[in-house]
Amino acid sequence: MKFRYAMVCSSNQNRSMEAHSLLKREGFEVSSYGTGAHVKLPGPSLREPNVYDFGTPYKQMYEDLRRKDSELYKRNGILPMLKRNSTVKLAPQRWQDNAADGSFDVVFTFEEKVFDIVVEDLHNRDHVLLKTVLVINLEVKDNHEEAAIGARLTLDLCQEIEASESWEDSIDDIVANFEKQQRRKLLYSISFY
């Protein structure tokens, strides 16, 4: 593969990890991140989320939630999701703390507020490399079914980008074709490292 990809959602749990897992299986060079202050997972009620620090291993979260209420977290898909995540990487990582990971060619976000955070963060970084980075937002609801659909659509877009001679020259056509075929709007921005 020609390019290095990053998948970004709020907590680096569902949408970004579903895409990370699929792209990794397909041979892409890919990493994933979240932009939130903490990692939040559903709890027994909306007012009682499970909150973890970025860097807390997925296996540790799995064991914690299994002890709290194994049936609830199996039924709502959180335990299977954490198990999948632990096969992809050790722990959730925060986008704003990723400078040591190097630069990316293409960054996918899965909600507009995350897109805004990523674009602003790239804008505020020192631009020592003056390397272009394409940031694309594909709006995906934060549930397991939509995350799986979003991952497949992301894979399709990555394959289109890889097949292009120069994404800088063909991104408008790639986006227009995707929007027409999938009936989904994309936001995109070109930033620098």
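The values are calculated or read from the model by the stated rules, or taken from the named source; none is laboratory data. Everything numeric in this text was worked out from a predicted model, so none of it was measured. Cβ placement follows ideal geometry from the backbone for every residue including glycine, while neighbour counts extend to all protein chains displayed. Just the protein is used for accessible areas: all its heavy atoms, side chains included, with ligands, DNA and RNA removed. Shrake-Rupley method; radii C 1.70, N 1.55, O 1.52, S 1.80 Å.
Compute the acute angle (0 to 90°) between the alpha-carbon long axis of helix 78-88 and the principal axis of greatest extent of the alpha-carbon atoms of the chain; round to the nearest 10°.
Roughly 50 degrees, rounded to the nearest 10.
Nearest 0.05, what FRET efficiency do residue 120 and residue 71 give at R0 = 45 Å with Cβ-Cβ as r?
Details: r = 41 Å, r/R0 = 0.91.
E between residue 120 and residue 71, to the nearest 0.05, is 0.65.
Report, in degrees rounded to the nearest 10, the 0 to 90 angle that the Cα long axis of helix 112-124 makes with the longest principal axis of the chain.
Tilt relative to the chain: about 60 degrees.
Under the 0.36 nm per residue contour assumption, what length would be gained going from the current alpha-carbon distance of residue 2 and residue 185 to full extension?
Values: separation 183, 0.36 × 183 = 65.88 nm, distance 2.54 nm.
Net length gain for the segment: 63.3 nm.
How far, in degrees from 0 to 90, does helix 58-75 lean away from the longest principal axis of the Cα atoms of the chain, to the nearest 10?
So the helix axis and the longest Cα principal axis differ by about 70 degrees.
Using a 1.4 angstrom probe on heavy atoms only, work out the carbon and sulfur share of the accessible area of segment 21-175 in %. All intermediate terms of the calculation are to be shown ahead of the outcome.
On the way: 3960 of 8180 Å².
Carbon plus sulfur share of accessible area: 48 percent.
Taking only protein heavy atoms into account and a 1.4 Å probe, give the accessible area per residue of segment 1-151 in Å². Write down the numbers at each step before the final one.
On the way: 7390 Å² over 151 residues.
Counting only protein heavy atoms, the per-residue value for segment 1-151 is 49 Å².
Per-residue counts of other Cβ atoms within 10 Å, averaged by peptide: what ranking do you get for 146-152, 54-60, highest first?
Peptide ranking by packing, descending: 146-152, 54-60.
Can you give the calculated 222 nm mean residue ellipticity of the chain, where each DSSP H run of n ≥ 4 adds -39,500 (n - 2.57) and the sum is split over every residue, rounded to the nearest 500 deg cm²/dmol?
-15000 deg cm²/dmol
Among the lysines, which have Cα under 28 Å from the Cα of residue 24 when same-chain residues fewer than 8 positions away are ignored?
2, 40, 59, 74, 83, 89, 113, 131, 141, 180, 185
Given that just one value was derived from the coordinates, which of (1) 0.93; (2) 1.07; (3) 0.98 is Rg/Rh (Cα atoms, Kirkwood Rh)?
Identified label for the calculated read-out: (3).
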